[in-house]
Amino acid sequence: QKVSVEVLDHLEHLALVDFRDSEGVERLQKAIQFADQLHDVNTDGVEPMDSVLEDRCLYLREDDVTEGNCTKELLENAREKVEEYFVAPPGNIPLPKLEERETFLQGS
């Protein structure tokens, strides 16, 4: 099953994963084939579930705060911060232009 350029572009932006090489596209196609097996499962008459434990009573524990007020120490671990917030990079891969991906996918 071929993956369209638009789907590839969307997945790269969501997952911040680079699929530009043939190995990445092949692994993605295999993952889709594996997930497609779920379409073969007969779910007629099966009610949707919110949780696999929905028939049990889930007991909550007391929320006792034992530590805290350590913002300054935690922010010392930040590479970059603004006011009292960690700054995360916008992404960890350089995404190619759409035209570059179209060329690559035609070869796969």
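At a probe radius of 1.4 angstrom, the accessible area of the stretch 1-40 per residue rounds to 76 square angstrom. In this simple spin-label approximation, VAL65 and ASP50 carry label points 7 Å from Cα along the Cα→Cβ vector, and these lie 2.8 nm apart. Counted residue by residue at 0.36 nm each, then reduced by the alpha carbon distance between them, the extension gain from GLU76 to GLU23 reaches 15.2 nm.
Relative protection proxy for 25-36, 63-74, from highest mean packing down: 25-36, 63-74 (other beta-carbon atoms within 10 angstrom). Modelled this way, with points 7 Å down the Cα-to-C-beta line, the labels at LYS30 and TYR85 are 4.0 nm from one another. Extension gain for THR43 to LEU14 (0.36 nm times residue separation, less C-alpha to C-alpha distance): 7.5 nm.
The radius of gyration of the Cα set in the stretch 1-51, together with its Dmax, comes out at 14.7, 43 angstrom.
Of the listed residues LEU60, LEU11, the order by accessible area with a 1.4 Å probe, largest first, is LEU60, LEU11. Roughly how many percent of the accessible protein surface of the stretch 5-49 is carbon and sulfur, given a 1.4 Å probe and a whole-percent answer? Roughly 56 percent of what the probe reaches on the stretch 5-49 is carbon or sulfur.
The values are calculated or read from the model by the stated rules, or taken from the named source; none is laboratory data. Keep in mind it's a predicted model, so treat the numbers as computed, not measured. Heads up, the Cβs are rebuilt from the backbone with ideal geometry, glycines too, and the neighbour counts pull from every protein chain shown. Remember, those area values only see protein heavy atoms, side chains included, never the ligands or the DNA or RNA. Shrake-Rupley method; radii C 1.70, N 1.55, O 1.52, S 1.80 Å.
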